[in-house]
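Below is one structure, written out as structure tokens; the observations come after it.
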Amino acid sequence: VELVLAVIAEACGAKLHLNEASAHRAEILDALFPASAKSRHDAAHLPDLLSSAGAFHAAVTNPPFQHLEAHLCATLRSLADGGRMAAIVPARVLEDGPLLSKLQRHGAMIAAFTLPERAFAKHGTSVETALLVMDRTDGAAWTGAPRFCSTLSEVADAVTALRPRGNVQ
């Protein structure tokens, strides 16, 4: 999944900074993206370890679900003001009021989409998943409802309909 996210981001013209703690996956990223900046940290500590933390305009992340809150908060703290995070999360997060409240201390929730059932089953997970989109900005608590998407095409349509973020570059 991380590889696909990086390929799409690069194809869209992004200047990548890739962080991967797994040695095996890091080697693959090194081979495919030789010119990109890379780090090998536990992403929950990126705001404290990267000199560029706080300057990223966008972050696309697939955090480990067992340490989800720490990773999502760290990602939001690594963004520049107005930056956007898109994170693959367990679908249950969309109903977890206390967690969403904690996240909204670091940014404004923009949207949430369920991904198709068993979207990652062939990659070894049976956890139902969603896409959480947040901007690092002050904003009112999100009052929207998750959009339930049964196909990847619906997810793509929903994502392309999002309002632009404040610091598009």
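The values are calculated or read from the model by the stated rules, or taken from the named source; none is laboratory data. Bear in mind the structure is a predicted one, so any value in this text is a computation, not a measurement. Accessible surface is based on the protein model in full, side chains and every heavy atom, while ligands, DNA and RNA are left aside. Shrake-Rupley method; radii C 1.70, N 1.55, O 1.52, S 1.80 Å.
Couple of notes before you dig in:
- Per atom type, the chain shows carbon and sulfur on 55% of its accessible surface, probed at 1.4 Å.
- For the range 1-94, averaging the sequence separation of C-alpha pairs within contact (under 8 Å, six or more residues apart) and dividing by the residue count gives a relative contact order of 24 percent.
- Built amide H within the under 5 Å cut-off of T129, gap 5+: A91, L115, R118, A119
- List S78, S150, ordered by accessible area with a 1.4 Å probe, largest first: S150, S78
- Label corresponding to semi-axes √(5λ) of the Cα gyration tensor in Å when calculated from the structure given, among [x] 65, 22, 13; [y] 23, 20, 16; [z] 34, 17, 15: [y]
- Dividing the helix sum by the residues of the chain, where each DSSP H run of 4 or more adds -39500 (n - 2.57), gives a mean residue ellipticity at 222 nm of -8500 deg cm²/dmol.
- Amide H contacts under 5 Å for W142: M109, restricted to partners 5 or more places along the chain or on a different chain, H placed in the peptide plane at 1.01 Å from N.
- Taking 0.36 nm per residue of separation and subtracting the current Cα-Cα distance, fully stretching the chain between E69 and E128 would add 19.5 nm.
- Note that the chain presents 56 Å² accessible area per residue, ligands and nucleic acids not counted, probe 1.4 Å.
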